[in-house]
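Worksheet for the structure shown next.
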Amino acid sequence: GESVGLHLPTLSVQEGDNSIINCAYSNSASDYFIWYKQESGKGPQFIIDIRSNMDKRQGQRVTVLLNKTVKHLSLQIAATQPGDSAVYFCAEKIGRKGGKLIFGQGTELSVKP
Amino acid sequence: DTAVSQTPKYLVTQMGNDKSIKCEQNLGHDTMYWYKQDSKKFLKIMFSYNNKELIINETVPNRFSPKSPDKAHLNLHINSLELGDSAVYFCASSQTGKNYGYTFGSGTRLTVV
C-alpha cells in the first residue's frame, strides 16, 4: 500500500539547538517531495521541497536531504526557535494532472525555551 | 487576501444531517483537492478536480459528493452525516506542471454529534 513516514510522533528540543525530523517513503516512482509545517488550528504550510534528481536543498534555516537508495527524507532546522513548534509532515507527490500528495504521519516538534 | 479560503471554519451538526463545505482559491490554479485529517493528524486525500474534471476519488463513501462549478471553486457536500465523519477537512489547490507544494486552506472542523 501507499505509505510515507516513520512513526515518530514527538520531538522535543532546546531553543537554539538543531532539529532533525526523519521520514521514510515507499513509492519509488515519486519524483517530488515536500515538507509541510502545521501549526495548531491552521492548514499545512509549505516549508521546502526537493525533486528526486537532487540530494540536498537548502532554504532559510532549513535543509532537506533525500536518500533515494533507502527512500529516506529528512528535514533539518537550524537554531530551532519557539515559533518552529508545530507538527511537521513529509509528503510525496505521485501522478499527473496535479497528482496527489501522500502524507506521512507527522512529527510534533516542541521547542523548549 | 486569503489564497485558499474555506467556509465554515467550524461545523457542528447532528447525525443524519446533510451539510456542505465551500472552498475558493484566488491563485489561478487549475487543480483543487479535498483532504481529511483525522484525530491523529493523519492527512488523506479524498478528491481532486482538474479544470472541473474529477481526477481522484479515493474510495470515499458516496455520501460525499464534491462539486466544482468552476476551477476556482470546489465544494464538498456530505449526506447522512455519521459520527465517523468528524474530522478536519482541508481544501487545497495546485497548478499542473508546477512542482511546488499545494496551497492549503485553514480547514473546516466538522463535529458530528
Worksheet, complete the sentence: Filtering region B:59-80 down to residues that are over 18 Å from residue B:5 (Cα atoms), open to solvent by 40 Å² or more (accessible area, probe 1.4 Å) and within 14 Å of another protein chain (Cβ to nearest Cβ) yields B:59
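Just for region B:39-58: of the residues that are of a type in the set (S, T, N, Q) and not in a loop (DSSP other than H, G, I, E, B), which one is surrounded by the fewest Cβ atoms within 10 Å (Cβ to Cβ)?
Looking at residues that are of a type in the set (S, T, N, Q) and not in a loop (DSSP other than H, G, I, E, B), I get B:57.
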Worksheet item: Pick from region A:27-62 the residues that are more than 30 Å from residue B:10 (Cβ to Cβ), open to solvent by 60 Å² or more (accessible area, probe 1.4 Å) and outside any loop (DSSP other than H, G, I, E, B): which of them is nearest to the other protein chains (Cβ to nearest Cβ)?
Response: A:51
Worksheet entry | Sole residue being modelled with pLDDT of 95 or more, open to solvent by 60 Å² or more (accessible area, probe 1.4 Å) and not charged (D, E, K, R), chosen from B:7, B:2, B:13 | B:7
Practice prompt. For residues that are surrounded by fewer than 16 Cβ atoms within 10 Å (Cβ to Cβ) and among the hydroxyl-bearing types (Ser, Thr, Tyr), tally how many sit in region B:81-105.
Written response: 2
Worksheet entry | Cross-chain or 6+ apart pairs with Cβ under 9 Å, region A:69-89 first and assigned to a loop (DSSP other than H, G, I, E, B), then small (Gly, Ala, Ser) and at pLDDT 95 or above | A:78/A:19; A:79/A:16; A:80/A:16; A:80/A:19; A:81/A:16; A:85/A:110
Practice prompt. Output the number of residues of region A:90-107 satisfying the condition of being at the interface with another protein chain (Cβ under 8 Å from one of its Cβ atoms), open to solvent by 10 Å² or more (accessible area, probe 1.4 Å), of a type outside the set (Gly, Ala, Ser) and in contact (Cβ under 8 Å) with a residue 60 or more places away in the chain.
Written response: 3
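The values are calculated or read from the model by the stated rules, or taken from the named source; none is laboratory data. These figures come from a predicted structure and were not determined experimentally. Note: ideal-geometry Cβ built from the backbone for every residue, glycine included; neighbour counts use all protein chains shown. Just the protein is used for accessible areas: all its heavy atoms, side chains included, with ligands, DNA and RNA removed. Shrake-Rupley method; radii C 1.70, N 1.55, O 1.52, S 1.80 Å.
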